[in-house]
Amino acid sequence: MHPVPPVPAERLPALLAAMPKAELHIHIEGSLEPELIFALARRNGVALPYAGVEDLRRAYAFTNLQSFLDIYYAGASVLLQSQDFYDMAWAYLERAAADQVRRAEIFFDPQTHTARGVAMETVIDGLSRACRDAKRIGVDAELILCFLRHLSEEEAFDTLEQALPFRDRFIGVGLDSSEVGHPPEKFARVFAKCRQQGLHLVAHAGEEGPPAYVWAALDVLKVERIDHGVQSAQDPALMKRLAQDRIPLTVCPLSNLKLCVFPDLAQHNIRQLLDAGLCATINSDDPAYFGGYMNANFLQTFAATGLDAQHAYRLARNSFEGSFAEASAKKRYVEELDAVFAAA
Ligand code: ADE
Ligand code: ZN
């Protein structure tokens, strides 16, 4: 590993903000800020059950994952045209660029839109145009299609069929929405088909659900990364497996705080995961709803837990190594990271 120089505590926040990083866990519908929700509602003539931006923001007092998902799906109802998807993704990509995100692997939930009569092509067209344009602002952006796990495997198969004509515009598939009661096994056959298509595979597991869901995501779905995975710490054999196989965990500290997975950030287990040798990363999940994009997640987590410059380097490096970028791009990202730390 690159030797990390000691960095005085007062210089750590600037280093966290300036270091290049990859974001591997961002739901693009979770980047819809209330202002954009209302602007799109006006543009599309969609009625919302909230009086305005402030009224909507007041509803962001979540007690668990489901209490958030109900509002998140309501917010996405304003997205109708390709340009709406473009505008949403572009707003996120500009925030990512400002936070020195060099690579973003972006989740989208097509079933939230196709269920309202929006065509798969409309969704993918808008999002993929924004990803293509992001190169101009220094972000390599790719799409990962997520299946909603509260729906059936048959509906996931239908969704895959609708998306396959656009196979060249997304790099992988994931599994999100309500975790408890919807174990990975429910999607074994559709993930096997995605694997045959050469798609990358990831799944949310161990956010609120038990370690058994993380085992099943690895052994049944054969995923390459685990999204969240923080409940893995309850199972020493699982921790050993994740460390030995260097399975990346895309951890989202502010999300975990806002959805009451941990009572406060100081009690988050990110240090435990890193110190156990896991390839843990820091990500924003649904930044418009959880109060912060990438750098806010880094800054608040480091302030609350006392992580240091070694941890910062490790997290940024893990994010590049855990990404699905080509080897040559990973090498470039890590060289830039090393240069930033050498000058720190
Ligand atoms: N969809 C958007 N954010 C999610 C999360 N944190 N967990 C599961 N599904 C999600
Ligand atoms: Zn998520």
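What the table shows:
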{"quantity": "Any hit, segment 63-72, residues being more than 16 Å from ligand 2 (Cβ to nearest atom) and not in a helix (DSSP H, G or I)", "calculated": "yes"}
{"quantity": "Options 248, 236, 253: the member that is within 20 Å of residue 21 (Cβ to Cβ) and more than 16 Å from ligand 1 (Cβ to nearest atom)", "calculated": "248"}
{"quantity": "Pair list, Cβ under 6 Å, 6 or more apart: segment 63-75 residue open to solvent by 40 Å² or more (accessible area, probe 1.4 Å), other residue in a helix (DSSP H, G or I)", "calculated": "73/112"}
{"quantity": "Filter result (under 17 Å from residue 92 (Cα atoms), away from ligand 2 (no atom under 14 Å from the Cβ) and of a type in the set (Gly, Ala, Ser)) within segment 273-299", "calculated": "291, 292, 296"}
{"quantity": "Single condition residue 145 does not satisfy, out of (1) touching a residue at least 60 places away in the same chain (Cβ under 8 Å); (2) touching a Pro at 6+ places or on another chain (Cβ under 8 Å); (3) outside any helix (DSSP H, G or I)", "calculated": "(1)"}
{"quantity": "Those helices (runs of 4 or more DSSP H) lying entirely in segment 8-62 with at least 2 residues open to solvent by 10 Å² or more (accessible area, probe 1.4 Å), within 16 Å of ligand 2 (Cβ to nearest atom) and out of contact with any Ser or Thr (no Cβ under 9 Å at 6 or more places or on another chain)", "calculated": "none"}
{"quantity": "Hits in segment 318-333 - residues which are without any contact (Cβ under 8 Å) to a residue 60 or more places away in the chain, of a type outside the set (Gly, Ala, Ser) and assigned to a helix (DSSP H, G or I)", "calculated": "330, 331, 332"}
{"quantity": "Helices (runs of 4 or more DSSP H) within segment 175-268 that include 2 or more residues within 16 Å of ligand 2 (Cβ to nearest atom) and free of Cβ contacts under 8 Å to residues at least 60 places away in the same chain", "calculated": "211-219, 253-258"}
{"quantity": "Residues of segment 269-299 satisfying the condition of being under 30 Å from residue 56 (Cα atoms) and assigned to a loop (DSSP other than H, G, I, E, B)", "calculated": "283, 284, 286, 291, 292, 293"}
{"quantity": "Any pair with Cβ under 6 angstrom, 6 or more apart, that starts in segment 110-124 at a residue that is under 16 Å from residue 151 (Cβ atoms) and assigned to a loop (DSSP other than H, G, I, E, B) and ends at one that is open to solvent by 40 Å² or more (accessible area, probe 1.4 Å) and of a type in the set (Asp, Glu)", "calculated": "none"}
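A quick yes/no check of all residues on (1) polar (S, T, N, Q); (2) crowded, with 24+ Cβ neighbours inside 10 Å; (3) modelled with pLDDT of 95 or more; (4) under 20 Å from residue 110 (Cα atoms):
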| site | (1), (2), (3), (4) |
| --- | --- |
| 172 | no, no, yes, yes |
| 188 | no, no, yes, yes |
| 192 | no, no, yes, yes |
| 214 | no, yes, yes, no |
| 219 | no, no, yes, no |
| 230 | no, yes, yes, no |
| 233 | no, no, yes, no |
| 238 | no, no, yes, no |
| 241 | no, no, yes, no |
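A quick yes/no check of all residues on (1) open to solvent by 10 Å² or more (accessible area, probe 1.4 Å); (2) touching a Ser or Thr at 6+ places or on another chain (Cβ under 7 Å); (3) within 16 Å of ligand 2 (Cβ to nearest atom); (4) at pLDDT 95 or above:
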position	(1), (2), (3), (4)
271	yes, yes, no, yes
301	no, no, no, yes
306	yes, no, no, yes
327	yes, no, no, yes
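The values are calculated or read from the model by the stated rules, or taken from the named source; none is laboratory data. The structure presented is a predicted model; accordingly, all values stated were derived computationally and were not measured. Positions of Cβ are generated from backbone atoms using ideal geometry, with glycine treated the same way; all protein chains shown enter the neighbour counts. Ligands, DNA and RNA are excluded from the accessible area calculation, which covers all protein heavy atoms including side chains. Shrake-Rupley method; radii C 1.70, N 1.55, O 1.52, S 1.80 Å.
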